[in-house]
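Report on one structure; see the data block that follows.
Read-outs: derived from the displayed coordinates by stated rules, not from any lab. Computed from a predicted structure; not experimentally measured. Every residue, glycine among them, receives a Cβ derived from its backbone with ideal geometry; neighbour counts consider all protein chains shown.
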Amino acid sequence: MNFPILSTLIFLPLISSFFIFLSKGKKNNFSAIYISLFSSLATFILSIFIWYSMDFSSSEFQFLEEQSWINNFIKFKLGVDGISILFIVLTTLITPICIVSCINSVKDRIKEFLIAILVLETFMIGVFCSLDLVVFYLFFEAGLIPMFLIIGVWGGPRRVYSAFKFFLFTLLGSVLMLAAIIAIYWITGTTDVTQIYEVKIPKEYQNLLWLAFFSSFAVKMPMWPVHTWLPDAHVEAPTAGSVILAAILLKMAGYGFLRFSVPMFPLASEYFTPLIYTLSIIAIIYTSLVALMQEDMKKLIAYSSVAHMGYVTLGIFTFTKQGIEGSIYQMISHGLISAALFLCVGVVYDRLHSRMISTYGGIVNYLPKYSFLFIVFALAGLGLPGTSGFLGEFLVLTGAFQKSYLVAMLATFGVVLGAAYMLWLTKRVIFGVTKNEDVKKMHDINKTEILMLGILTVLVIVFGFYPAPLIETFDISVNNLINNYEMAISSEGIK
Amino acid sequence: MLNNLNILLPEIFLTLSIFSILMIGVFIKESFNLIFNLSSAIILFTIAIILNSSNETEKVFLDSFTRDSFSNFFKILILIASLFVLNTSKVFIIDNKIRKFEYPIIILLSILGMFFMVSSNDIILFYLGLELQSLSLYILASIDRDNLRSSESGIKYFVLSALSSGLLLYGCSLLYGFTGSTNFDLIADQLIKDNKGAVFAMVFVLVGLAFKVSAVPFHMWTPDVYEGAPTSITSYFAVVPKVAGLAVLIKFMFIPFSNILSEWQLIIIFISIASMILGAVAAIVQKNIKRLLAYSSIGHVGYALAGVATGVISGYESSIIYISIYVVMNVGAFSCLYLLKKDGEYRENISDLSGLSKKQPLLAISFLVILFSLAGIPPLAGFFAKFYVFTAVIEQKMYALAIIGLLTTVISAFYYLRIIKIIYFDDSAISFDPVKNSVAKLSVLISCAILITFFLYPAILNNLVDALFIN
């Protein structure tokens, strides 16, 4: 395969954003919307094509591209394997949905908004495609610029504070990773990920380097106690921004653990497992309790994201097949569910301009279609069997039970708390007595909204009953990951 | 002998042209435009001469003058930067009624001084070049002589700079006294650790050089002079003398002081860290954008010095790459300032920028790109500048310097973000008048295009810089 299909995938949104930039702005910017919708759908189809034409029986990286880049010592290297392709497809799926969602909700400067979304898409796909640490860092950090603008320009009243907090928290975590990347270059002589897998980083360096990577991923994930930027960012960001943040940006960190931390520093990963378990359990239980107390719908979903990401980190660091597959599954399913929940909040926010739970109540009497979809996603969010949310959590807990009963018990307790806040949210928003007269005047969801939410509903339910397409995609890659990890651990034990 | 003169061709041409346009300026009335255009032509012509000259290392006049790829690279960088700075500021100069025909001539004189600085292989020639440059800069700082602030900045710069030149000269004379020579190569042979007096002299020389590149703790003049001088001069100050100063600093470290690396390394590390921290922290509270850019330039010099502090060629190369990208960013940033005019007055307060994105989206997005690049956020060129420097620093296992440097980039990101916040997030306060300054607009676009597309082929600068240290 000589055609640079991954570069095409990465730069297609960027190039189309340039065309949007050139397009003449009419009153409602139809040309900008059409260009962005068309290009994001083309990107989606291309990514599906890549997924379809991949060989799942091999754990090797496929569609490799190499280009000499920084003065012959760092290569611009791209490639996908079973794990990364799913995140790429998730990205390309969520982006058109976001674009559709902002047609109604973004009134001001929609052209710039679409440019920001498409530029962000380029960087996000780049993160999941890159097989070189510097290229990864480049895309990982570059995503901050459009997201900062999305929150800051189109956000709510406290947008400045939130945008700054988001930017500076993430940057602070990431610069340490940059130092670690450069250090890896001088230790191993390369920043090519596949070569680093072979070289094996000496034991004495692993712990520090692992911590440097952890500082970046923990902020991005976000893990307790550095999660505080997330509720602020979510609350102030416009709907499309929240959706991208929850569905994709948070997954970069989980992906980073799987792609970099665990395979490159297996000994350190083993060493720091108790730390990860502790932080994950605190995230699951503490943030679930915090979510119970929220009065702002977006904040509640944001805290629930932190809790769900706790399962992801827990699953990855069980180093069992079930645990890791569960956490990947959980990331994909959370990408769909949280995106849908934020879209649901966006739908009512567009009508009443309030995110407060107390504003609503008894919606089911006036917006039946909306209420149905909302309940589906709320149930999926609490991990009801038959939805994709269940499978992820179930697999993670199965993995955790193999390692530690205590951790697994505590994590299971978190599932109950998850049910508590989600059901209580549903009770207060969807059911109950309508106190607010404005709620009665709301019209039910229109066709575009049904389209966006409907696609996500179908996916959530299909992947709840039929996980095979996803699991088959990453199965071999995960096996390979675990084998390499166990080899590294056991070879150290022999010494 | 004639061969020797051939090697000095760019300098000779520049000198003769300066004299001739000075004559033109004296004898022709209202000759600002003519002289200005002639100066640009002279700069272009000098670039052509240097590009045509060979990059072979040649030392002439008792080895006091070197022409090599190193000096040629810096001369071209100085010329290109001056060309942009001069032409973008033309409208500003005319608007502010400082259209004196001496203006471009003095700039050419300072370029001539810098030429001798970067080419010198001898303390005396180096000092003469430095003084020619400094004297021209004193005049430039106070060129708007009816303006109190401009005169003040000129005097302030003169007094402090004269002091630092004195220290530098004292260091030079000690150097001569303890090594018995004024030639860089001969000094290098004599200057060893045991030669305590010469090591002592090195400290004085370093102080003088640190002042010229405005590194902490010799930075005091920078914010005041930047703020007081007319913006056209500030942009020149922020870009061109920094390039020459860093070139000379690298040259001193590379040739005369190469044997006492362990002695000067700690000093440079301290200066570098102090500059990075002060540049990041002090800029946060600034209200005037020129003052802010002054502190930001102090911070950037800190990063460039971090590369020098490694004491190895890869580190020097990373510093040179850093300063080259810094030139592009600062030329762009100052060109933006030339486009902010309201009621015949150029605005300098950061708060005046508020809501710029609604009124002038193109200017706002260019400013955004330049600011993110200054903050070192990928994929813009500013990231690569920092990346190269920290790669060199970590190669030498100077982890503390690297970590402090990286953390200060986060702090400095804050004040760049603050400007972006004012441009993009705040409601618009004033709408600026349209400025007919197409050169400034062009230079903003060029600098943005370079900063954005740099990541496609970042090796281009490495290839250029790699050739500089072959000899």
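List of remarks:
- Only helices enter the 222 nm calculation for chain A: every DSSP H run of n ≥ 4 contributes -39,500 (n - 2.57), and dividing by all residues gives -24500 deg cm²/dmol, rounded to 500.
- Sum of side-chain charges, residue B:419 neighbourhood, beta-carbon under 14 Å (Lys, Arg +1; Asp, Glu -1): +3
- Counting beta carbons within 10 Å around each of A:308, A:443 and listing the fewest first gives the order A:443, A:308.
- Summing Lys and Arg as +1 and Asp and Glu as -1 over all other residues whose Cβ lies under 13 Å from the Cβ of residue B:312 gives a net charge of -1.
- Counted charge near residue B:14, where neighbours are those whose Cβ lies closer than 15 Å (Asp, Glu -1; Lys, Arg +1): +1
- Cross-link table B:29/B:97; B:196/B:386; A:165/A:427, entries beyond 26 Å C-alpha to C-alpha: B:196/B:386; A:165/A:427
- Radius of gyration and maximum dimension Dmax of the protein assembly as shown, Cα, Å: 30.5, 101
- Chain A, relative contact order in percent, only Cα pairs under 8 angstrom and at least six apart counted: 15
- Chain B - percent relative contact order, Cα under 8 Å, separation 6 or more: 14
- Computed on the range A:261-386, the Cα convex hull volume stands at 110 Å³ per residue.
- Span from the the range A:433-495 Cα centroid across to the the range B:369-444 one, whole angstrom: 37
- If you count Lys pairs in the range A:1-124 whose Cα atoms are under 21 Å apart, skipping same-chain pairs closer than 8 places in sequence, the total is 6.
- Each of B:390, A:63 has some number of other Cβ atoms within 10 Å of its Cβ, and from fewest to most they run A:63, B:390.
- Backbone N under 13 Å from the residue B:28 label point (7 Å along Cα→Cβ), restricted to the range B:82-108: B:101
- The mean sequence separation of alpha-carbon pairs under 8 Å and at least six residues apart, normalised by the residue count of the range A:356-495, gives a relative contact order of 40 percent.
- Relative to the longest principal axis of the Cα atoms of chain A, helix A:30-52 runs at roughly 40 degrees.
- Whole-Hz couplings from phi, Karplus 6.51/-1.76/1.60, listed for the range B:222-239; x for Gly and Pro: 4, x, 5, 5, 4, 6, x, 5, x, 4, 4, 6, 4, 5, 5, 4, 6, 10
- Distance from the range A:341-360 to the range B:302-349 (C-alpha centre basis), Å: 46
- When each of B:395, A:295, B:30 is scored by the number of other beta-carbon atoms lying within 10 Å, the sequence from fewest to most is B:30, A:295, B:395.
- Adding -39500 (n - 2.57) for every DSSP H run of four residues or longer, then dividing by how many residues chain B holds, sets the calculated 222 nm ellipticity at -24500 deg cm²/dmol.
- For residue A:132, distant residues with modelled amide H under 5 Å away: A:77, A:193
- The range B:195-234 gives an Rg/Rh value of 1.22, both radii derived from C-alpha positions and Rh following Kirkwood.
- Summarising the label geometry, the points placed 7 Å from Cα in the beta-carbon direction at residue A:3 and residue B:124 lie 7.2 nm from one another.
- Inter-probe distance in nm under a simple model that places probes 7 Å from Cα toward Cβ, at residue B:3 and residue B:49: 2.1
- Separation between Cα centres of the range A:290-306 and the range A:31-60, rounded to whole Å: 33
- A crude spin-label estimate for the pair residue B:16 and residue A:409, with each label 7 Å from Cα along the Cβ direction, gives 9.5 nm.
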